[in-house]
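The values are calculated or read from the model by the stated rules, or taken from the named source; none is laboratory data. On a predicted model such as this, the values are computed, not experimentally measured, just so you know. Please note: Cβ atoms are built from the backbone with ideal geometry, for glycine as well, and neighbour counts cover all protein chains shown. Just so you know, the surface numbers come from the protein's heavy atoms only, side chains and all, with ligands and any DNA or RNA stripped out. Shrake-Rupley method; radii C 1.70, N 1.55, O 1.52, S 1.80 Å.
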Amino acid sequence: MFRSLHIKLMLIMLLLITSLMTIVGAFLMTSVTSFYVDEFYQQMANIFGADNEAFLRNLRSEAAQEDGLEQVRGILEGNAGALGIDYLTRNYYILDGVTGEFLTGSDEEGGKQLAVTTNILAARNGQVGDSSDITASYMDLAYPIQGGDNFFIIYIYDNRETVSQLNSQLFLIIVQALLVGLLISVLLSFLLSKTMINPIEKLTEGAERVAAGDFGNAIQVESSDEIGVLTTTFNEMASVLEETLHTVENERNKLDTLFLHMTDGVVAFAADGSIVHCNPAASDMLENDVEIMDYQSLFGALYPLEELVQLQRPNYKEAELHIHGKFLEVYFAPFAQEGGPGVLTVLHDVTAQRKNEEMRKEFVANVSHELRTPLTNVRSYAETLRDSDDIPKDTANSFLDIIIGETDRMTHIVQDLLTLSRLESGRAELKMTRFHFGDAIENVCRAVDLEAQRHRHTLCRAFVHRDLPMISGDRDRLEQVMMNVIGNAIKYTPDGGEIRVSAGTAGDKVWMEVSDNGIGIPKSDWNRIFDRFYRVDKARSRESGGTGLGLSIAREIVQRHGGTIGLTEHQGPGTTVRIVLPIRQDGRPEEVGHEG
Ligand code: ADP
């Protein structure tokens, strides 16, 4: 399998070798050619140069002879060695100085086919033709000899065959060297790839593992060169990265836990209004599938998103939202995030506070109302007594009775309110004792017996006294609760009714039920009758001296004991109130038996 870095390395080496050999070859071949050319002209200069004046003079005088041509040829023949004439590649020719025509020479055939070169033309003009052209396929020298009437041109011509052969030899050697070089470079690239690319590959594998989140194995450092340093640095980087990731993850976990468990809702919106994050508290508060909601549908009516995005920290906006029966305080603040700014919304559920406020207002209104009626009565009777002198004693006494009655009523209300407030605030201490549950019920039944008889009610005790256990609690207060419940049954049942008190044990709890066949309570009022001052039938309650606080107090007392009080389903007309109390306050069951 070819690895790209390996191929690259091999290609570079091949290119390097090829270009090196090409340059060396070109340089060698050019050098050989120019050496040969230089050598040629040097040889020529040695013979025909100005330094060799005696030889030239002799040449000219010999040329002036009758047989000048033969004489000159003889001289040239005599200097053939010095001129490098080999009769194959280099020859000498004697040409006619005027026409340039071949007269004689070392190569008859070649002489007849001689071309007119620039050097021959120069010699014909009486100048030495010794210009050289390295690119030409030949070298030549044309030397004019003027001896008497004879005008010859000595023409030395070399067809460069020798240098061409030499260059061909050289080219062959270079090509062979190149092939060997290429082979070596291929082998070298394999060797290099083993020492260089293998560590890089290991580094790559390590980087891939780190990218996939596996920080477990550090890469082994095998050398101390640059790759070794890189590997060490990479290992250090991976461990720092791991630490940083852990820190970030811990922070994120903390934040996640915070978001998950905080009671305030947090919703983060992107600049386009889509939800980026929403904690469970927010989902509960908005009671919507928040995944499909966006800013516009949730809070668009409060502030436009564009306005919030442009807010500068630490500025924020707040608003109140009434949604799904809840009152939410909403705080908006911008935040920066990747891909543009967003808006963070914190939702604070103030429903309970609002309800408390409402209840407080309602309570004050109720108290005022409850006290105003008796106060008005007291005032009007008192005024009548003050303003009329001739009121008969009986009438005056009955007025005073009314005033006393109304004052008692007010005292009753105020006492009940005080009891309730003490219970609610926890200031009223429970005097915990152990007593027999059956005894307490019996006690209450005895106390209300007379009242029941007055209304011709049948008070039926439907419980087996000895089956009931000892319980712990504040006996007086619990009897007050039973009294209230049985008292209500007596009050709200037309005369001659039947009131049934039953009780029993269920697990670690005791229960008591008071049923009557009276006027009953509409189901819609079942929960509300435990609210302060709530009365189903106001006139009837007032008539019977009720304050509308009895059941509220009863519920407080029962709840302080860790029990429950409520209405249960009732067959036929009437009402059933059920009280459930734990047998022991610390959870241990009491033994069944009698007190003392
Ligand atoms: P009150 O002093 O008016 O009796 P409570 O708090 O004891 O106040 O009771 C609240 C209201 O619940 C009563 O006004 C009455 O309308 C209703 N109620 C309580 N017990 C009964 C019952 N056994 N039958 C019918 N209505 C009842």
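Rundown of residues vs (1) under 30 Å from SER283 (Cα atoms); (2) assigned to a helix (DSSP H, G or I); (3) within 28 Å of the chain's Cα centre (by Cα), yes/no style:
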residue	(1), (2), (3)
SER193	no, yes, no
GLY206	no, yes, yes
ASN217	no, no, yes
LEU230	no, yes, no
LYS254	yes, yes, yes
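Scan LEU245, LEU179, LEU192 and give me the residue that is surrounded by 12 or more Cβ atoms within 10 Å (Cβ to Cβ) and touching a helix residue (DSSP H, G or I) at 6+ places or on another chain (Cβ under 7 Å).
None of the others qualify; the one that does is LEU192.
If you take the residues of the range 527-541 that are assigned to a helix (DSSP H, G or I) and near the ligand (Cβ under 8 Å from one of its atoms), which of them is surrounded by the most Cβ atoms within 10 Å (Cβ to Cβ)?
Within the range 527-541, the match that is surrounded by the most Cβ atoms within 10 Å (Cβ to Cβ) is ILE529.
Of the conditions (1) part of a helix (DSSP H, G or I); (2) among the hydrophobic types (A, V, I, L, M, F, W, C); (3) open to solvent by less than 10 Å² (accessible area, probe 1.4 Å), ILE145 satisfies every one except a single condition; which number is it?
(1)
Yes/no matrix, rows are residues, columns are (1) in contact (Cβ under 8 Å) with a residue 60 or more places away in the chain; (2) out of contact with any Phe, Trp or Tyr (no Cβ under 6 Å at 6 or more places or on another chain); (3) in a helix (DSSP H, G or I); (4) not β-branched (Val, Ile, Thr):
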{"residue": "ARG386", "(1), (2), (3), (4)": "no, yes, yes, yes"}
{"residue": "PHE399", "(1), (2), (3), (4)": "no, no, yes, yes"}
{"residue": "LEU420", "(1), (2), (3), (4)": "yes, yes, yes, yes"}
{"residue": "LEU423", "(1), (2), (3), (4)": "yes, yes, yes, yes"}
{"residue": "LEU430", "(1), (2), (3), (4)": "yes, yes, no, yes"}
{"residue": "ILE441", "(1), (2), (3), (4)": "yes, yes, yes, no"}
{"residue": "VAL444", "(1), (2), (3), (4)": "no, yes, yes, no"}
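For the list (1) out of contact with any helix residue (DSSP H, G or I) (no Cβ under 6 Å at 6 or more places or on another chain); (2) open to solvent by 40 Å² or more (accessible area, probe 1.4 Å); (3) free of Cβ contacts under 8 Å to residues at least 40 places away in the same chain; (4) of a type outside the set (Gly, Ala, Ser), I need the number of the one condition that VAL24 fails.
Answer for VAL24: the failing condition is (3).
Given the residues ILE17, ILE7, ILE85, which is the only one that is of a type in the set (A, V, I, L, M), assigned by TED's automatic domain parsing to the domain that holds TYR138 and either open to solvent by less than 80 Å² (accessible area, probe 1.4 Å) or under 16 Å from LEU141 (Cα atoms) (or both)? Give the steps one after another, and end with the answer.
Details: ILE17 fails: assigned by TED's automatic domain parsing to the domain that holds TYR138; ILE7 fails: assigned by TED's automatic domain parsing to the domain that holds TYR138.
Going through ILE17, ILE7, ILE85 in turn, the sole match is ILE85.
Within the range 543-552, track down each residue that is of a type outside the set (Ser, Thr, Tyr) and either more than 8 Å from the ligand (Cβ to nearest atom) or part of a loop (DSSP other than H, G, I, E, B) (or both).
GLU543, GLY545, GLY546, GLY548, LEU549
Could you check how many residues of the range 512-526 are surrounded by fewer than 18 Cβ atoms within 10 Å (Cβ to Cβ) and either more than 9 Å from the ligand (Cβ to nearest atom) or not in a loop (DSSP other than H, G, I, E, B) (or both)?
Number of matching residues: 5.
Here is a yes/no grid of residues against (1) free of Cβ contacts under 8 Å to residues at least 60 places away in the same chain; (2) in a helix (DSSP H, G or I):
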| site | (1), (2) |
| --- | --- |
| HIS6 | no, yes |
| SER31 | yes, yes |
| ILE47 | yes, yes |
| ILE75 | yes, yes |
| LEU88 | no, no |
| GLU109 | yes, yes |
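Just wondering, is there one or more residues in the range 323-332 that are open to solvent by less than 60 Å² (accessible area, probe 1.4 Å), more than 18 Å from ASP284 (Cβ to Cβ), assigned to a strand (DSSP E or B) and modelled with pLDDT of 90 or more?
Checked against the condition, which is being open to solvent by less than 60 Å² (accessible area, probe 1.4 Å), more than 18 Å from ASP284 (Cβ to Cβ), assigned to a strand (DSSP E or B) and modelled with pLDDT of 90 or more, the range 323-332 yields at least one hit.
Looking at LEU311, LEU347 in this structure, which one is buried (at least 16 other Cβ atoms within 10 Å of the Cβ), aliphatic (A, V, I, L, M) and at pLDDT below 90?
Numbers: LEU347 fails: at pLDDT below 90.
Result of the check over LEU311, LEU347: LEU311.
So which of ASP476, ASP495, ASP467 is within 16 Å of the ligand (Cβ to nearest atom) and open to solvent by 50 Å² or more (accessible area, probe 1.4 Å)?
Selected residue: ASP495, the only one of ASP476, ASP495, ASP467 that is within 16 Å of the ligand (Cβ to nearest atom) and open to solvent by 50 Å² or more (accessible area, probe 1.4 Å).
Checking the condition crowded, with 18+ Cβ neighbours inside 10 Å, under 30 Å from MET359 (Cβ atoms) and touching a strand residue (DSSP E or B) at 6+ places or on another chain (Cβ under 7 Å), which residue from ALA503, ALA489 passes?
ALA489
For the structure I just gave you, tell me whether GLU226 is at pLDDT 80 or above and among the acidic types (Asp, Glu).
So GLU226 passes the test.
Any idea which residue in the range 108-122 is most open to solvent (accessible area, probe 1.4 Å), counting only those that are touching a strand residue (DSSP E or B) at 6+ places or on another chain (Cβ under 7 Å) and either modelled with pLDDT under 90 or basic (Lys, Arg) (or both)?
The extreme case among them is LYS112.
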